[in-house]
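The values are calculated or read from the model by the stated rules, or taken from the named source; none is laboratory data. Because the structure is a prediction, the values reported are computed rather than measured. Cβ: placed from backbone, ideal geometry, glycine included. Neighbour counts: every protein chain shown. Side chains included, ligands, DNA and RNA excluded: accessible areas come from the protein's heavy atoms. Shrake-Rupley method; radii C 1.70, N 1.55, O 1.52, S 1.80 Å.
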Amino acid sequence: MVSAQLRPPTMADVARQAGVSHQTVSRVLGDHPNVRDETRAKVMRVIEEMGYRRNHSARALATRRTRTLGVVASDTTLYGPASTLFALEEAARARGYLVSTVNLRELTVQTLLEALDHLSDGGVEGVVAIAPQRSAVDALSGLRHPFPVVTVGCGPGVDRPCVTVDHHKGATLATGHLLAAGHRNVWHLAGPEDWQESADRAAGWRATLEAAGIEPPLVLHGDWSPLSGYRAGQELAGLVGRGLTAVFVANDQMALGVLRALREAGVRTPQDVAVVGFDDIPESEFFAPPLTTVRQDFATVGKRSIALLLDLIEGRAPAGTPRISIEPQFVLRASTCPYTPQSKGAPA
């Protein structure tokens, strides 16, 4: 004889076991204030003992709220987008929301339309789009959707709710540190030209040099990878002795490649060439030497993005187009030091 399969406990089972009404259990689960503390404690104890789990489908039918948010992302093999995605998911869970993620190989108008349609079919209440490329932001700007959308990573002049790190300020901190250390020939290895944060970091570097009366040298470009940093580092090593004394690199992974190329060329860091990165990846303090860098607060990006999206969903957002900018933090380590004219990078 086959025994009957045990069914999961229902809200009615919890109410019966706790000796309260179905409505009381619902109020406890909804964190309603009009429930006595002892009643709340008893119901929660029964919920834990019985292993009760909410039926989200039934709750969505009753409230017309799915408590599900969508995230559209791309390039999540890179540290910045991957960290942003993790922070968003963690922040959503902390607010009691599930997350449905669509990870795209490329952000275009067509792929974004398909992603938003997919998320709409899944009943999401709003979407956060991680859009680091300017082309992706442009594509989002022309789309219409049935739910609020918050963009993470947006340039100046973008007319939509967004949350961004102040990359211009971060570059100013990095370049200003090198100038304060006595360097007057600070080169820059930027990221891909289509990335807004790459453009913002390059603009901050350039503006800081110009404010100090220094003509910015030619910008080099990489693709965020250590290999592209290594290749740029080989080029930079050839400039040592002709004035190069410092390099601001647009991310830590490219900085790793730069450090290796300089070391192989017999250039000492920081004695001959100081190096500053951006991101503060977990490995950066273990580089040789430990990397001076600029830290992005991804946890705050996630929390502020989810909070803004929920405000838009619930009609609490401020008037106009909200734009939240998060300050980065400068992290001093051993890859920079005060410049001395005796170093190899001093002009002959």
Practice task
Looking only at the stretch 242-253, decide whether some residue is closer than 24 Å to Lys169 by Cβ, in a helix (DSSP H, G or I), open to solvent by 10 Å² or more (accessible area, probe 1.4 Å) and touching a residue at least 40 places away in the same chain (Cβ under 8 Å).
Solution key: yes
Fill in the blank from the handout: Scanning the stretch 36-75 for residues that are modelled with pLDDT under 85, at negative phi and assigned to a loop (DSSP other than H, G, I, E, B) gives Tyr52, Arg53, Arg54, Asn55, Arg65, Thr66
Practice task
Output the number of residues of the stretch 209-227 satisfying the condition of being under 20 Å from Leu173 (Cβ atoms), open to solvent by 20 Å² or more (accessible area, probe 1.4 Å) and touching a helix residue (DSSP H, G or I) at 6+ places or on another chain (Cβ under 7 Å).
Solution key: 3
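Looking at the stretch 131-174, which of the residues that are β-branched (Val, Ile, Thr) and open to solvent by 20 Å² or more (accessible area, probe 1.4 Å) is farthest from Thr292 (Cα to Cα)?
Start the filter on the stretch 131-174 by keeping residues that are β-branched (Val, Ile, Thr), which leaves 137, 149-152, 158, 163-165, 172.
Subsequent filtering for residues that are open to solvent by 20 Å² or more (accessible area, probe 1.4 Å) retains 158, 172.
On the way: Val158: 31, Thr172: 14 Å.
Per the stated criteria, the residue is Val158.
Does Gly233 satisfy the condition of being assigned to a helix (DSSP H, G or I) and farther than 28 Å from Cys154 by Cα? Spell out how you get there, then give the answer.
Numbers: assigned to a helix (DSSP H, G or I): yes; farther than 28 Å from Cys154 by Cα: yes.
So Gly233 passes the test.
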Handout entry: Qualifying residue in the stretch 302-325 (condition: surrounded by fewer than 16 Cβ atoms within 10 Å (Cβ to Cβ), charged (D, E, K, R) and within 25 Å of Thr84 (Cα to Cα))
Key = yes
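Does Glu114 meet the test of being open to solvent by 30 Å² or more (accessible area, probe 1.4 Å), assigned to a helix (DSSP H, G or I) and without any contact (Cβ under 8 Å) to a residue 24 or more places away in the chain?
On the way: open to solvent by 30 Å² or more (accessible area, probe 1.4 Å): yes; assigned to a helix (DSSP H, G or I): yes; without any contact (Cβ under 8 Å) to a residue 24 or more places away in the chain: yes.
Criteria met by Glu114.
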Fill in the blank from the handout: Checked pairs for the stretch 132-147, first charged (D, E, K, R), second in a loop (DSSP other than H, G, I, E, B) and modelled with pLDDT of 75 or more, C-beta under 8 Å and 6 or more apart or across chains, list as Arg134/Asp194
